[in-house]
Amino acid sequence: MPKMTGLELAEKLRSISSTVPIVMMSGFSEPVDSDQMSKLNIKSLLQKPLSQETIAQALKEALQSL
């Protein structure tokens with residue numbers, strides 16, 4: 001994303017809704033620590049490349065947390 005980081009997007013989503021589950025995927029090594037993930041209620045941080053099964057499992061777990 002050229003105008004914001006994934007964490008900035010997650011923060012904006014949290015300002016709109018505290019319940020929407022967030023699964024982040026990145027091909028870059030943007031540093032995200034466990035405190036940031038917990039604060040923003042990020043369910044998963046997946047590093048590319050990844051399989052369809054990995055994405056499906058992360059989404060399933062995020063949706064089950066609702």
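The values are calculated or read from the model by the stated rules, or taken from the named source; none is laboratory data. Just so we're clear, the structure is a prediction, and the values are computed from it rather than from any experiment. So basically every Cβ, Gly included, is an ideal-geometry build from the backbone, and we count neighbours across all protein chains shown. These area figures cover heavy atoms from the full protein model, side chains too; ligands, DNA and RNA do not enter into them. Shrake-Rupley method; radii C 1.70, N 1.55, O 1.52, S 1.80 Å.
Below are the figures for this structure:
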{"item": "Interatomic Cα distance distribution for the chain, bins of 5 angstrom, percent", "result": "4, 16, 28, 26, 20, 6, 0"}
{"item": "Accessible area per residue in Å² at 1.4 Å probe, computed on the chain", "result": "74"}
{"item": "Residue-span extension gain [Lys39 to Ser26] - 0.36 nm each, minus C-alpha spacing", "result": "2.8 nm"}
{"item": "Distance (nanometres) between label positions extended 7 Å along Cα→Cβ at Leu46 and Leu66", "result": "1.7"}
{"item": "Relative contact order (%) - the chain, alpha-carbon pairs under 8 angstrom, separation at least six", "result": "35"}
{"item": "Inter-site label distance for Thr5 and Leu59 at 7 Å from Cα along Cβ, in nm", "result": "2.7"}
